[in-house]
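Step one of this worksheet: look at the structure below.
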Amino acid sequence: MHHTIEPAASGRAGCKGCGQKIAKGELRFGERLPNAYGEGEMTLWFHLRCGAYKRPESVLETLGRIGDPIDERAELVKLAEEGVQHRRLARVDGASHAPTGRAKCRYCRLPISKGDWRLSLVFYEDGRFSAAGFIHAACAQDYLGTRDVVARARHFNPKLSDEDVAALEAALAADD
Ligand SMILES: [Zn+2]
Ligand SMILES: [Zn+2]
């Protein structure tokens, strides 16, 4: 079966992209995959925006096939196209201060100093997202091919304040 975009039948399913519930009646993206645990298929559900960020190719394909009116269609297409253009972007799962100096940057391999801004990454494989470490905010351009990640980071870390976002933007712009 094709991937789908349809209203959530209940409010029980969690979004695979952000972990939050998808409200009943809200349009959601369903990615169909062979069932890893048996016969048939399984469906991974996402908020539309979470799907556009984290499963951009599947969302683009589905938006192209489904002609129904979708409020945010143009925005979703734009987000998903960015993810197709910069393939590692879909790995970005948020931004935070490093709580310790122990983690190393996946790109430059140097430690991420305590308090520095970092982007957290996830890898997607066989229908599962798994934590994949961090990069320096300053390494975003080289690792991701773009430093335009603030809206995405804030989407997955909605607690970031305006001050945090300003600091993150400064860290992203720093080249070291
Ligand atoms: Zn979500
Ligand atoms: Zn780095």
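Assorted remarks:
- In loop segments of the stretch 101-176 as defined by DSSP, the trypsin sites (Lys or Arg not before Pro) with at most 10 further C-beta atoms inside 10 Å of their C-beta are 102, 109, 159.
- With contacts taken as Cα pairs under 8 Å at a separation of at least 6 residues, the chain carries a relative contact order of 15 percent.
- To put it simply, the accessible area of the stretch 87-172 at a 1.4 Å probe is 47 percent carbon and sulfur.
- Mean Cα-pair separation over length for the stretch 85-136, i.e. relative contact order, pairs under 8 Å, 6 or more apart, %: 35 percent
- Bridge type composition, the stretch 87-172 - antiparallel percent by DSSP, nearest 5: 95 percent
- Listed values for the stretch 30-41 are Karplus-derived 3J(HN,Hα) couplings in whole Hz (6.51 cos²θ - 1.76 cosθ + 1.60, θ = phi - 60°), namely x, 9, 8, 9, x, 5, 6, 10, x, 7, x, 10, and x replaces Gly and Pro.
- Relative to the dominant Cα principal axis of the chain, helix 73-85 is inclined by about 60°.
- As a ratio to 2.2 N^0.38 Å, the alpha-carbon radius of gyration computed for the chain takes the value 1.08.
- Listed residues 108, 15, 139, most fluctuating in the chain (Gaussian network, C-alpha, under 10 Å): 108
- Reciprocal mean inverse distance between Cα atoms of the stretch 4-85 - Kirkwood radius, Å: 12.9 Å
- Relative contact order of the stretch 87-172: 30 percent, from C-alpha pairs under 8 Å at least 6 residues apart in sequence.
- Extension reserve of the residue 108-residue 174 stretch, reckoned as 0.36 nm per residue once the Cα distance is removed: 22.3 nm
- Where labels lie 7 Å past Cα in the beta-carbon direction, separation of residue 87 and residue 130 in nm: 1.9 nm
- In this structure, the amide hydrogen of residue 174, modeled 1.01 Å from its nitrogen in the peptide plane, lies closer than 5 angstrom to no residue at least 5 positions away or on a different chain.
- Crossing angle, helix 56-65 versus the chain [Cα axis fit, 0-90 degrees, rounded to tens]: 30 degrees
- Rounded to whole Å, the principal axis extents of the Cα atoms in the stretch 73-176 read 39, 32, 25, largest first.
- Between the Cα long axis of helix 162-173 and the first principal axis of the chain there is an angle of about 70°, rounded to the nearest 10.
- Label-reachable residues, the stretch 88-114, where backbone N falls under 19 Å from a point 7 Å from residue 161's Cα toward its Cβ: 95-99
- 10 Å Cβ shell holding at most 15 others, DSSP loop, GluC sites (Glu not before Pro): longest site-free stretch of the chain: 73-176
The values are calculated or read from the model by the stated rules, or taken from the named source; none is laboratory data. Everything numeric in this text was worked out from a predicted model, so none of it was measured. Note: ideal-geometry Cβ built from the backbone for every residue, glycine included; neighbour counts use all protein chains shown. The area values use the complete protein model at the heavy-atom level, side chains included, leaving out ligands, DNA and RNA. Shrake-Rupley method; radii C 1.70, N 1.55, O 1.52, S 1.80 Å.
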